[in-house]
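The values are calculated or read from the model by the stated rules, or taken from the named source; none is laboratory data. None of the values given here were measured: they were computed from a predicted structure. Cβ coordinates were reconstructed from backbone atoms using ideal geometry, including for glycine residues, and neighbour counts include every protein chain displayed. To get the accessible areas, we keep the full protein, side chains included, count just its heavy atoms, and leave off ligands, DNA and RNA. Shrake-Rupley method; radii C 1.70, N 1.55, O 1.52, S 1.80 Å.
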Amino acid sequence: MAKTSLSLGGLYRAWTGTARGAVSSSLNAANNLAGTSVSMSSFAFDSLTVTQPFTYIVENTSENVVVAFATQGLAFDNRIKNIAANYTITVSDATYFSIGTKSSTTAITANNLGGSTYSGSNGTTLSVTYADGYNINATNYNTTSTKTIYSVDSYNSINSDVLCVATDTDILLANGSTVKAGDLYIGDSIKTFVPTGMPEWFPENDPAEWYWWYNETGSNGDIVDAAVSNVYYSFIDKYVDINFGAIKVTGAHPFFAWDNITETYQFTRAEDLVEGDKIVKYNVESGLVEDVLVEKIEFLNKTLEIATITVDTAHTYLANGFVSHNKGAATAPIPWTNLVCYLEPQFAASYNTAVSTTNFNDVAGYSTGFNLTGGTANPAVTAPVFNGTSPKSLTFASGKYGIKEQAYSSGTGNANFNTTSGNGYTIIAWVNGSAGDIFSRGTDYKVTTSGNIAFTSTPNGNLTAASQTLTGWHMIAVTAGAGTTKIYNNNVEAATASTTAAATTGTSDIYLMQNNTGNLGSFLFYQRALTATEIGYIWNNLKGRYGL
């Protein structure tokens with residue numbers, strides 16, 4: 001039972017952080033509240049709970065682990081609660097995280113990852129235990145709470161830019177107060193608005209369902225409470241500003257809005273809103289929703305820190321009062337383990353016309369970028385056309401391609417495209433209008449589209465996903481090399497077969513979009529076969545960028 005078996009010796013340990021030894025102890029010595037009488041229970045509490053930080057913490061930023069106490073005495077708060085020696089807080093790998101001054105609120109800082117633009121740490125176990133030597137019968141006393149956390153690069157997933165708001169956006173809590181999106185915690189209870197007739201579930205793999213639903217009768221609905229299930233933070237280099245800073249969001253962020261053309265209420269991406277539309281906003285004072293005229297929309301090429309919020313049950317939340325939906329919010333960042341090539345036209349670090357149109361640079365830190373002007377052998381090749389509007393991409397044509405020449409400087413990092421029979425490999429490309437080779441290295445491997453998605457490999461065997469719909473943007477993924485080959489089209493397994501487990505260690509030049517007339521967006525190569533779940537992470541993180 002809490003607040004029992006309390007001793008002066010234990011109290012001395014609790015308020016000093018050291019064992020008493022031969023030193024005398026008394027309530028008067030422990031009490032620092034002048035003129036206030038205290039009892040043993042004044043220094044006690046009934047129970048404690050530990051709130052762990054977010055799973056993914058951006059490098060060079062901090063999140064807090066919080067230990068909260070219930071039914072504690074006033075002297076406990078003033079004298080014992082923040083004694084560092086009462087807290088045991090550790091991480092299994094100090095390479096990635098640092099622990100601040102230990103107290104009831106302790107900062108956990110993700111260290112600088114260094115080395116590459118896009119990277120992440122190994123899973124690190126964070127352990128938290130409270131034991132003061134005094135409150136030995138309190139609930140959860142001397143009980144260790146653990147969580148696996150990761151440090152992620154600030155670029156890791158611009159990654160979660162699908163449905164995001166600026167971190168300084170006000171989020172309405174269930175108690176009527178507001179908190180900045182950047183200060184939300186998993187488990188926080190918030191106010192949400194559920195439009196009348198809105199389906200309870202939008203299938204994640206049926207984008208059409210998202211846009212088919214509309215309401216002709218009005219913007220009526222119910223205000224309900226819901227719990228925040230996940231919050232992720234990242235940065236973007238382009239965002240939408242509505243009504244002179246009334247709210248700042250990513251282009252794919254969906255608002256409940258009045259469409260001035262169709263004359264219906266529906267969820268609409270910020271980038272699809274036009275001046276004259278109206279966004280539904282909850283008025284805290286009246287307790288009613290109102291239509292706010294969209295007077296000004298600006299697309300700004302500036303860096304913005306963002307929060308991706310996932311809400312259980314309602315799947316909506318109020319951002320600066322505006323009704324927003326969290327459909328499709330990412331559950332985890334893009335996997336980084338064994339990611340040895342990441343080409344991303346969204347990032348200036350990967351492709352920047354102001355610097356050079358010759359190179360498509362890797363941001364995973366492995367020197368696996370491609371030369372876009374023919375390399376040493378064919379310097380007359382002209383670079384593909386860069387499309388700077390969202391989604392940013394490169395348009396290839398006959399005679400245009402990316403190359404890594406084995407024998408020349410552009411071949412630096414070629415060995416990172418070698419693979420083992422045990423781990424296999426994964427090739428992922430976001431393409432639009434692709435017709436031809438997407439990626440190839442001699443007879444080691446080649447991915448081609450021509451109405452079908454074909455994978456050919458002398459070491460590993462061939463596989464074709466026949467009669468595929470390939471209009472518009474698509475994420476094509478191939479996992480191979482470890483005994484099973486799979487082809488995915490937009491996160492759906494399109495073909496699978498048992499194939500030869502074999503290494504690929506060829507020395508041929510590597511080509512990107514050779515003899516292809518389509519657009520290439522994000523491209524990723526892993527020295528391991530990703531799981532279907534991991535393919536889903538990439539799909540969920542990037543699909544909003546490509547309008548899916």
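Helices (runs of 4 or more DSSP H) fully within segment 1-102 that include at least 2 residues being open to solvent by 50 Å² or more (accessible area, probe 1.4 Å) and modelled with pLDDT of 85 or more: 8-16, 74-79. Taken as a whole, the condition of being open to solvent by 40 Å² or more (accessible area, probe 1.4 Å), in contact with a helix residue (DSSP H, G or I) (Cβ under 8 Å, 6 or more places away or on another chain) and free of Cβ contacts under 8 Å to residues at least 40 places away in the same chain applies to Thr376.
Applying the criterion of being modelled with pLDDT under 90 and in a strand (DSSP E or B) to the residues of segment 178-200, the residue that is surrounded by the fewest Cβ atoms within 10 Å (Cβ to Cβ) is Val194.
Only one of these is surrounded by fewer than 16 Cβ atoms within 10 Å (Cβ to Cβ) and among the β-branched types (Val, Ile, Thr): Thr109, Thr146, Thr124. Name it. So that I can check it myself, show each step before the final result.
Values: Thr109 fails: surrounded by fewer than 16 Cβ atoms within 10 Å (Cβ to Cβ); Thr124 fails: surrounded by fewer than 16 Cβ atoms within 10 Å (Cβ to Cβ).
The match here is Thr146.
In summary, Val381 fulfils each of the numbered conditions (1) in contact with a strand residue (DSSP E or B) (Cβ under 7 Å, 6 or more places away or on another chain); (2) open to solvent by less than 40 Å² (accessible area, probe 1.4 Å); (3) not charged (D, E, K, R) with the single exception of condition (1).
Residues of segment 435-476 that are among the polar types (S, T, N, Q), open to solvent by 20 Å² or more (accessible area, probe 1.4 Å) and in contact (Cβ under 8 Å) with a residue 40 or more places away in the chain: Thr443 alone.
For segment 447-537, the strands (runs of 3 or more DSSP E) that sit wholly inside it and include 1 or more residues that are out of contact with any Phe, Trp or Tyr (no Cβ under 6 Å at 6 or more places or on another chain) and among the polar types (S, T, N, Q) are 453-456, 463-465, 473-480, 482-489, 492-501, 519-526.
For segment 258-281, filtering for residues that are open to solvent by 70 Å² or more (accessible area, probe 1.4 Å) and closer than 14 Å to Val323 by Cα leaves 1.
Could you tell me whether segment 477-489 includes any residue that is surrounded by fewer than 21 Cβ atoms within 10 Å (Cβ to Cβ), among the hydrophobic types (A, V, I, L, M, F, W, C) and either in contact (Cβ under 8 Å) with a residue 12 or more places away in the chain or in contact with a His (Cβ under 6 Å, 6 or more places away or on another chain) (or both)? Within segment 477-489 (the criterion being surrounded by fewer than 21 Cβ atoms within 10 Å (Cβ to Cβ), among the hydrophobic types (A, V, I, L, M, F, W, C) and either in contact (Cβ under 8 Å) with a residue 12 or more places away in the chain or in contact with a His (Cβ under 6 Å, 6 or more places away or on another chain) (or both)), the answer is yes, since at least one residue qualifies.
For the subset of segment 354-372 comprising residues that are assigned to a loop (DSSP other than H, G, I, E, B) and open to solvent by less than 30 Å² (accessible area, probe 1.4 Å), which member is modelled with the highest pLDDT? Write out each step before concluding.
In the first step, residues of segment 354-372 are kept if they are assigned to a loop (DSSP other than H, G, I, E, B); the result is 354-355, 357-358, 361, 363-369, 372.
Then keep just the ones that are open to solvent by less than 30 Å² (accessible area, probe 1.4 Å); that gives 363-364, 368-369, 372.
Values: Val363: 83, Ala364: 83, Thr368: 88, Gly369: 90, Leu372: 94.
By that ranking, first place goes to Leu372.
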